[in-house]
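> Right, I'll just put the structure down here and ask away after.
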Amino acid sequence: MTLTKVRIFSSAGWFQCRETHLMFRMKDMGEVVYSTASWAGTFHIPTGWTPAGPLWDIKCPQETLSQITFPHCEIFTGERRDFLSVAHVTVDGVEILSPLEVNDTHVTISITDLSLFGLITSWLSHTIRGQILLFLRPIFEDQERILNVFLLPSNVLLTQVSHKLVSHVILFGEPYSLFFCFKKEKFYRFIDVNFYPTFEVFLYTDVKDMNMKVMDQEQGTEVWKRKVKLPVSLNDPFITLSSLPAANFVYKHRATLIERVTLMDPILDKLSTLVHPEACAKVRAAATSQEKMRLLYDITFRSGGTEVKSRFFEILKDIHPHLVQELNSIY
């Protein structure tokens, strides 16, 4: 699945994409078009280097893009950071660009022309930032439930994995720090196109929740632990992939929504079937719209799950359409 983004910047400065965590430095106003590509092309990565992130096809027709910053997943344990670079793929081959800066989260390069760019590494460190993604496969009558568990580097895009598993239900994604030993486990640090589960968990169909943990066998410690709630039915609206952007919107724009959402009573009226009457009454009793929104977050959104957030987002699009449009356009 190719992810494509188009952004128009009205001035010079630094801009960050919230979804991909790419950052762009513009010399002046201009348009940046960027999409994911495959490392499995006709070009050859120089010996000793391996991909360490997605490959990006980046274009700027106005030629006002001067620097790009790529997210990495390394956790540095010493002074050495020179093993990270950026591959620049052109018709003449692959050029290795020396970074202007490598900090704890990103690698920055200066550019003169645009084509394909991707983060590469010459040394596989033993500690990286990762993410755990849980996908529940569709089930048929009398079949076991199968939970796919993905351990992936943090700079693999959730949207790419989700679109590859469009028939599955994503339960949640969590960040974590991954420790591994090459002698015991073969771990694919970067996956280009196809995503395969690291583990499969087989469950009886009547299982409603389970405790999961990921262990560092070498240290004998837990690196991740969660109680996982399994949906009763895969037809429930609150567990579909389409509900994820709504829940993320509500989480991401908390401060702005508390400040700027004013028509609280109509919102509460439409949420009444999902919000407990006592909680609804407490929110209505607040003196200002800001206090009402803050209570709605603290009392309802924290415990109501994705269903309430998704419904709130749909109501917000109807009552405050211009606010939703404005926030969706923000980087």
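> Please list, ordered by residue number, the strands (runs of 3 or more DSSP E) wholly in the range 54-142 having 2 or more residues that are more than 16 Å from Ser154 (Cβ to Cβ) and not assigned by TED's automatic domain parsing to the domain that holds Leu157.
It comes to 65-71, 84-90, 93-97, 106-110, 116-121.
> Here is a follow-up. Assess whether Leu116 counts as being crowded, with 18+ Cβ neighbours inside 10 Å, within 25 Å of the chain's Cα centre (by Cα) and touching a residue at least 24 places away in the same chain (Cβ under 8 Å).
yes
> Okay, moving on. For the range 309-331, which residues satisfy the criterion of being aliphatic (A, V, I, L, M), at pLDDT 80 or above and within 25 Å of the chain's Cα centre (by Cα)?
Answer for the range 309-331, where residues must be aliphatic (A, V, I, L, M), at pLDDT 80 or above and within 25 Å of the chain's Cα centre (by Cα): Ile315, Leu316, Leu323, Val324, Leu327.
> Name every residue in the range 193-219 that is assigned to a strand (DSSP E or B), at pLDDT 75 or above and not aliphatic (A, V, I, L, M), in order of residue number.
The answer is Phe199, Glu200, Phe202, Asp209, Asn211, Lys213.
> Right, something else. Please pick out the residue among Arg145, Arg129, Arg81, Arg137 that is of a type in the set (Lys, Arg) and either on the phi > 0 side of the Ramachandran plot or in contact (Cβ under 8 Å) with a residue 60 or more places away in the chain (or both).
On the way: Arg129 fails: either on the phi > 0 side of the Ramachandran plot or in contact (Cβ under 8 Å) with a residue 60 or more places away in the chain (or both); Arg81 fails: either on the phi > 0 side of the Ramachandran plot or in contact (Cβ under 8 Å) with a residue 60 or more places away in the chain (or both); Arg137 fails: either on the phi > 0 side of the Ramachandran plot or in contact (Cβ under 8 Å) with a residue 60 or more places away in the chain (or both).
Step by step, each of Arg145, Arg129, Arg81, Arg137 is checked, and only Arg145 is of a type in the set (Lys, Arg) and either on the phi > 0 side of the Ramachandran plot or in contact (Cβ under 8 Å) with a residue 60 or more places away in the chain (or both).
> Just the residues that are in contact with a Cys (Cβ under 7 Å, 6 or more places away or on another chain) and either outside any helix (DSSP H, G or I) or surrounded by fewer than 15 Cβ atoms within 10 Å (Cβ to Cβ) (or both), please, taken from the range 263-295. Lay out the reasoning, then the answer.
Within the range 263-295, the first condition is being in contact with a Cys (Cβ under 7 Å, 6 or more places away or on another chain), and the residues that meet it are 268, 272.
Matches in the range 263-295: Ser272 only.
> Which of the residues belonging to the range 3-25 are of a type in the set (A, V, I, L, M, F, W, C), within 24 Å of the chain's Cα centre (by Cα) and either surrounded by fewer than 17 Cβ atoms within 10 Å (Cβ to Cβ) or assigned to a strand (DSSP E or B) (or both)?
Listed by number, the residues that qualify are Leu3, Val6, Ile8, Phe9, Trp14, Phe15, Cys17, Met23, Phe24.
The values are calculated or read from the model by the stated rules, or taken from the named source; none is laboratory data. This one's a predicted model, so the numbers in the text were calculated from it and none came from an experiment. Every residue, glycine as well, gets a Cβ built from its backbone with ideal geometry; the counts of neighbours run over all protein chains shown.
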